[in-house]
Amino acid sequence: MKEPIRKITLKDGSVRYRLVVDVGEPGARRRQLTRTFDRRRDARDELARIRHEMASGVYVRPSPQTLAEYLDEYIPAATRDRRESTRVSYVNAFLPVRERIGAKPLQAVTRADIEALVTWMLTAGRRRGGPPGTGLGPRSVRLTLGRLTAALEMAVAEGKLVRNPAALVKPPAYRPAEREVWDRREVRAFLIAVSGDRLAAAWRLSLYGLRRGEVLGLRWSDIDMKAKTLTVSQSRVLVDGKTRIEDPKSRNGNRTLPLDDALVDALTTLRKLQMAESAAAGPAYQAELAELAWYEGGEYVVTDPLGIPVHPEWYSDEFARIRRRAGLRRITLHDSRHTTLTLMEHAGVPISIISKWAGHYDSSFTQRTYVHASDEDLKRGRQALARIHKIG
């Protein structure tokens, strides 16, 4: 076989060695790679490397595709059949990547580039959610690095990269903040504070272990007063500032929960109130529903006096206002879910039941993330050990 290396002489009299080798797939359109070297030996070494890698099936053909262009391909594939909020989280996670190194050819991205990206994110990468130009938290940086590592791993699997330059980049240390949860006394104080509130039933639902989106996604057709059950079948959530209807967060999120008598009474009171509000408002009741881009029908449980489902951010803010008026310790609306699942565990409910109640796929995730020990729990541990160690 004739060696595909040609000696060329430049105008200044210097000599170079030009390698021209076929790198296309068998049976596909012909593709050639051209490289020029100062020495014939270097050209031969490169030829040997290319032929060896092609024979082994690990050769990566040169491509001008940029990292940003590759991410444009990767995100739709990685988020296919996922919730829209998941797709948006991928898009947002890659924003710093696009800004700093997105214009670089995919095959030119190095570990040093990614190390520099991580350092920049930690020191000056914030663009929203705080003063621009300040550092992002370790959790945000870890999320971006994790998503980028997965994307580049896929590029390796597709034969676009020889190796993953992000694989050896160490993520910043991150220790999740301990969640604040209410004790039983504080929960009861809150329920007393909201007992006369128009949306008392909604606040009870939030202290029933439901996510905000699940509470706001409930329709009256999801509630069976006679059977005393509610069925979670959708969530009403914010994605990029816009309200959307999405499927439950996990495959166990579709679930039917039994209702206690107090919650049934609160829901019955709310339903009667809404019927009276509808009669009083006449044609104005629910008149604005048709203007809501996300609305697909049904009567929602948590609405304003004109029958319009309340905005998710208003709901969280209203929880905080009620908490302050009641003089209770500060927790977020989502912490109320942590509170409920923790108190259920303290009451002796098995973790498998708590996990199913919460709509989680994995009970170990429930135990790890949502059930929190308190100082009072440690005292009970001490008492138990005292009984175990007691002699005589």
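The values are calculated or read from the model by the stated rules, or taken from the named source; none is laboratory data. Everything numeric in this text was worked out from a predicted model, so none of it was measured. As a convention, Cβ positions derive from the backbone with ideal geometry for all residues, glycine included, and neighbour counts pool all protein chains shown. Just the protein is used for accessible areas: all its heavy atoms, side chains included, with ligands, DNA and RNA removed. Shrake-Rupley method; radii C 1.70, N 1.55, O 1.52, S 1.80 Å.
Quick notes
- Across the stretch 105-116, coupling constants 3J(HN,Hα) worked out from phi with the 6.51/-1.76/1.60 Karplus curve, θ = phi - 60°, read x, 3, 6, 9, 6, 10, 4, 4, 4, 6, 4, 5 Hz, and Gly and Pro carry x.
- Seen from residue 169, the other residues with C-beta closer than 12 Å to its C-beta sum to a net charge of +1, counting Lys and Arg as +1 and Asp and Glu as -1.
- Among 119-125, 257-263, sorting by the average number of other beta carbon atoms lying within 10 angstrom of each residue, highest first, gives 119-125, 257-263.
- Histogram of C-alpha separations across the stretch 243-335, 10 Å bin width, %: 12, 31, 42, 14, 0
- Kirkwood hydrodynamic radius computed over the stretch 36-119 comes to 15.6 Å, based on all pairs of distinct alpha carbons.
- For residue 229, residues with placed amide H under 5 Å, excluding near neighbours: 224, 259
- Projection of the Cα convex hull of the stretch 29-181, averaged over all directions and equal to a quarter of that hull's surface, yields 13.1 nm².
- Solvent exposure, largest accessible area first (probe 1.4 Å, DNA, RNA and ligands not counted), of 275, 225: 275, 225
- Sorted peptide list for 210-216, 296-302, 68-74, criterion being average Cβ within 10 angstrom, highest first: 210-216, 68-74, 296-302
- Relative contact order for the stretch 188-281, counting Cα pairs under 8 Å that sit 6 or more residues apart, in percent: 24
- For the chain, the longest principal axis of the alpha carbon atoms and the long axis of helix 261-281 meet at an angle near 90°.
- Fully extending the segment from residue 292 to residue 99, taken as 0.36 nm per residue of separation minus the present Cα-Cα distance, adds 66.1 nm.
- As a rough guide to protection, the peptides 105-111, 183-189, 346-352 ranked by mean Cβ packing within 10 Å, highest first, stand as 105-111, 183-189, 346-352.
- Once the C-beta distance of residue 178 and residue 49 is scaled by a Förster radius of 41 Å, the resulting FRET efficiency is 0.15 to the nearest 0.05.
- Partners for residue 104 among lysines (Cα-Cα distance below 26 Å; same-chain residues under 8 apart left out): 160, 170
- Relative contact order (%) - the chain, alpha-carbon pairs under 8 angstrom, separation at least six: 12
- Extent along principal axes [Cα atoms of the stretch 290-342; Å; largest to smallest]: 40, 25, 16
- Amide H contacts under 5 Å for residue 239, placed H, 5+ residues apart: 244
- Once the Cα atoms are used to define both axes, helix 138-157 deviates from the longest principal axis of the chain by about 50 degrees.
- Cα gyration tensor category, rounded, prolate or oblate, for the stretch 149-293 with a/c compared to 1.5: prolate
- Positive minus negative residues near residue 265 (Lys, Arg vs Asp, Glu; Cβ under 13 Å): +2
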